[in-house]
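One structure below.
The values are calculated or read from the model by the stated rules, or taken from the named source; none is laboratory data. Because the structure is predicted, anything quoted here is derived from the model rather than measured. Using ideal geometry, Cβ is built from the backbone for each residue, glycine included, and neighbour counts are taken over all protein chains shown.
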Amino acid sequence: MQDEKDQTGMGVAQAQPVALRKRMLEWAQRAWRPAGTLVAVSLALLFGWSVVNGKHGLSAWHQQHTQDQQLRQEIEELQQENAHLRDHIERLKSDPDAIEHEAREKLHYARPGEVIYTLPEPPPQAAQPANGGK
């Protein structure tokens, strides 16, 4: 055994640092592999959370999609209202009966000899308790 050390040119003092380095390298490989796995799993979880809850994630996309549907519905309702108002304007431009109806309803005009009676609005009823006020 002594001959082998002499042949390689290593003495007892040089053999210990090599063995120590080899043990440290083995320890680092054993310790870093689980640590690297833990870091990779943590990054994957962080990325998954960001995809779902991040600024541009699925939650934000769903919220924007819902808002988009609501705005489209509102646009459609406004377009229908505009079409109705355009139709009403066209009738007022060309139909004398529509003009007369509008004058009577909105402006309370009457023909000569007619009397218009306006009834007061009924007072709003207060909400009564379910047990009859007792």
For this session: Given the conditions (1) surrounded by 10 or more Cβ atoms within 10 Å (Cβ to Cβ); (2) assigned to a helix (DSSP H, G or I), report the number of the one that His56 does not fulfil.
Result: (2)
Problem set entry | His84 out of contact with any Asp or Glu (no Cβ under 9 Å at 6 or more places or on another chain), more than 30 Å from Glu102 (Cβ to Cβ) and in the same structural domain as Glu102 (by TED's automatic domain parsing) | no
For this session: Would you check which residues across segment 105-123 are hydrophobic (A, V, I, L, M, F, W, C) and either closer than 21 Å to Leu92 by Cβ or in the same structural domain as Leu92 (by TED's automatic domain parsing) (or both) and list them?
Result: Leu107, Ala110
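Quick grid of which residues meet (1) part of a helix (DSSP H, G or I); (2) at pLDDT below 85; (3) exposed (fewer than 11 other Cβ atoms within 10 Å of the Cβ):
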position	(1), (2), (3)
Pro17	yes, yes, yes
Ala40	yes, no, yes
Val51	yes, yes, no
Asp68	yes, no, yes
Leu85	yes, no, yes
Problem set entry | Residue ID - modelled with the highest pLDDT, chosen from residues in segment 87-117 that are surrounded by 10 or more Cβ atoms within 10 Å (Cβ to Cβ) and not in a helix (DSSP H, G or I) | Asp95
